[in-house]
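Reading through the structure tokens given below for one structure.
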Amino acid sequence: MSTPSVPEQPPRPPPKQFRLGPATNALVAQAHTQAHGGNYAPAAATIERAMRIEPENPLLWIELGQIRMSEGNAAQGDGMGHKALALATGDPQAQASAWRLIAESLRARGRNQEAADADKRAGALAPR
């Protein structure tokens, strides 16, 4: 009598990792320069150009959310963070960045307990 064999589990694929393409990376660098100069509207427009190239890249939504936060628009920052989170499936680093943006937007609106919860979720995905 032989023992039934246990089927082998297929190897898990490595976690997904979103990256910016060369064109979007150049646009993000340009947007950073604009934002650091306090030119948030042109910086947002530059990120939106990048989003037309890679609309499903959560990293761009996080970038736009950070610009919105710099403008003082926490509600839009939160929305961008949630959109990025929805797109970041399979990439723990991108998910953690989205949660950190969400936490920042919650803190800016005085929702400190929810912000702490979002920070915990980010830390569980990708400790700093």
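Provide the gained length on full extension for the span ALA126 to LYS16, in nm with one decimal, where the gain is 0.36 nm per separating residue minus the Cα-Cα distance.
Numbers: separation 110, 0.36 × 110 = 39.60 nm, distance 1.33 nm.
This chain segment gains 38.3 nm when fully extended.
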(message) Placing unit charges on C-beta atoms (Lys and Arg positive, Asp and Glu negative, everything else neutral), compute the dipole magnitude of the stretch 22-125 about its Cα centre in debye, rounded to 20.
(response) 140 debye
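Please compute the net charge surrounding MET69, taking Lys and Arg as +1 and Asp and Glu as -1 over other residues with Cβ under 12 Å from its Cβ.
Values: positive: ARG68, ARG100, ARG107, ARG109; negative: GLU63, GLU71, ASP78, GLU104.
Taking every Cβ under 12 Å from that of MET69, the sum is 0.
Normalised by the residues of the chain, what does the relative contact order come to in percent, with Cα pairs under 8 Å and at least six apart? Write out the running numbers ahead of the final one.
Values: 168 pairs, mean separation 25.5, N = 128.
Relative contact order of the chain: 20 percent.
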(request) Find me the longest stretch of the chain that has none of the exposed GluC sites (Glu not before Pro), where exposed means in a DSSP loop (not H, G, I, E or B) with at most 12 other Cβ atoms within 10 Å. (result) 57-128
(request) Report, in deg cm²/dmol and to the nearest 500, the calculated mean residue ellipticity at 222 nm for the chain, where each DSSP H run with n ≥ 4 adds -39500 (n - 2.57) and the sum is divided by the residue count. (result) -22000 deg cm²/dmol
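No value in this document is a laboratory result; all are computed from the given coordinates. All figures in this text were calculated on a predicted structure; none of them were measured in a lab. Positions of Cβ are backbone-derived with ideal geometry, glycine not excepted, and every protein chain shown enters the neighbour counts.
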